[in-house]
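Here, each number is a calculation from the coordinates, and none is a lab measurement. All values derive from a computational prediction rather than experimental measurement. Glycine gets a Cβ as well: all are built from the backbone with ideal geometry, and neighbour counts include every protein chain shown.
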Amino acid sequence: QSFKSCLFIISTTRNNTQHILSQFATYDDDASVGLWLNVYNDNEEQFAITDGIVTTRTLGGKSIISSSIPGLKPTLWERATSQYTSSYEYLYFLDDDMLFDKSVFAFDQFRWLVEHTDAVMATPKIIRMEANA
């Protein structure tokens, strides 16, 4: 089986989705990454939700899974079963306030390090963007 590299899994509010999608768009040259974008406060009836999963689509060759699973992040993590994640080597759980834009986050270096050290769990260094944050 051919694996994709990494699935970014992020739970956020409806107001923050465009910011997340614009960061994900910086991976335009890498179809081996995917995004699972969960909107935990989405009460809009326009989606035909089956088991919390709304849709799977592609953006520039990259997969995007959209869902509206309410509650805390562990509720989403529990739902991240092999049905949705089996084609990825790594799952990368992010908070929605973390920047993962390739101009800020050296993802290729991080992925290389994870792959070459056979890391089971890893986290990049987190840098404060503002001195008073």
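What is segment 69-113 by shape, rounded, prolate or oblate, if you read a ≥ b ≥ c off the alpha carbon gyration tensor as root eigenvalues and call it rounded for a/c under 1.5, prolate for a/b larger than b/c, and oblate otherwise? It comes out oblate by the Cα gyration axes.
Between R14 and A106, the contour length at 0.36 nm per residue exceeds the alpha carbon distance by 30.4 nm. Annotation: amide H of W36 within the under-5 Å range of F8, I9, I10, I65, sequence separation 5 or more or interchain, hydrogens built in the peptide plane.
Projected label points at S82 and D118, each 7 Å from Cα along the beta carbon direction, are separated by 2.1 nanometres.
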